[in-house]
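Data block below; observations after.
Any read-out appearing in this document is the output of simple, stated calculations on the displayed coordinates, not a laboratory observation. Owing to the predicted nature of the structure, the values given are computational and were not obtained by experimental measurement. Heads up, the Cβs are rebuilt from the backbone with ideal geometry, glycines too, and the neighbour counts pull from every protein chain shown.
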Amino acid sequence: MVQITYIGHSALLIRDSIDILIDPYLKGNGWFEGFSRYNPKAARSVNDVEPDIILLTHGHADHFGQTFELLERTEATVIASPRVCEFVERKTASEWLIPIDVFQELSIDSITVRAVPATHKHGFEGVAGDILGMLVYRRYLPCGPNMGYVLSIDDKTIYHSGDTCSTTRVNAPDIAFLSMDGDRTMNAEEALHVIEQISPKTVVPIHYRWNMEGQGVVEEVKQSVPEEGFRELEYGETIRV
């Protein structure tokens, strides 16, 4: 049985034969090159996790998080878009990098990782996201193409949406972690459309507690799907699939 801990925001720790940490926006305080890289409300800090793989949906600060600090104290392999991998290599000289493109699939140990498209609202992705980041935060952290991931582990399928308002190439996952904040990611209508489209057994909302709209979106979605198919997790809570 696969164990998944919701660390906070979009960060998940998936534990099976290896530990996979997705979007490590972890607990702490501090700034780096003009942007906050910490989530004070997260349930884990850098010293609390020992990932074998760090899986990055894109390079925004609230997803890239403390990747550098984790690479300083672990031998984790980073899987991310080529643009983000190139950035990590320049900053850390790490050799433990695996670039992945949209629609690409790779296998590590007994786990399969497949990258799927994600559409970030307001142009916050790709080169436009890089430029906006430099203008707003006065730093360079490449967004890269925004992606979601479908992981196949022990005959279970786990979908992490990344920052998106739509999705394709996802079919009936056992559990879907869907970003729904009503602003940069899905609103209620978009979330319900995605749920209808991909038919997950269980939906878990993520990326919704940072703004005022998110909780309202989650409540609206919750009222519109079967009770047994919706699970709202607290930061630090673990679910098994």
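The table that follows gives values for the structure above.
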| quantity | calculated |
| --- | --- |
| Packing-based order for 153-160, 182-189, 168-175, using average beta carbon neighbours within 10 Å, highest first | 182-189, 153-160, 168-175 |
| Beta bridges by DSSP in the range 3-240, antiparallel share as percent, to the nearest 5 | 60 |
| Debye equation applied to the C-alpha atoms of the range 36-91, log10 I(q)/I(0) at 0.25 Å⁻¹ | -1.14 |
| Correct option for Cα extents along the principal axes in Å [calculated from the coordinates] among (i) 45, 35, 32; (ii) 55, 41, 40; (iii) 47, 40, 32 | (iii) |
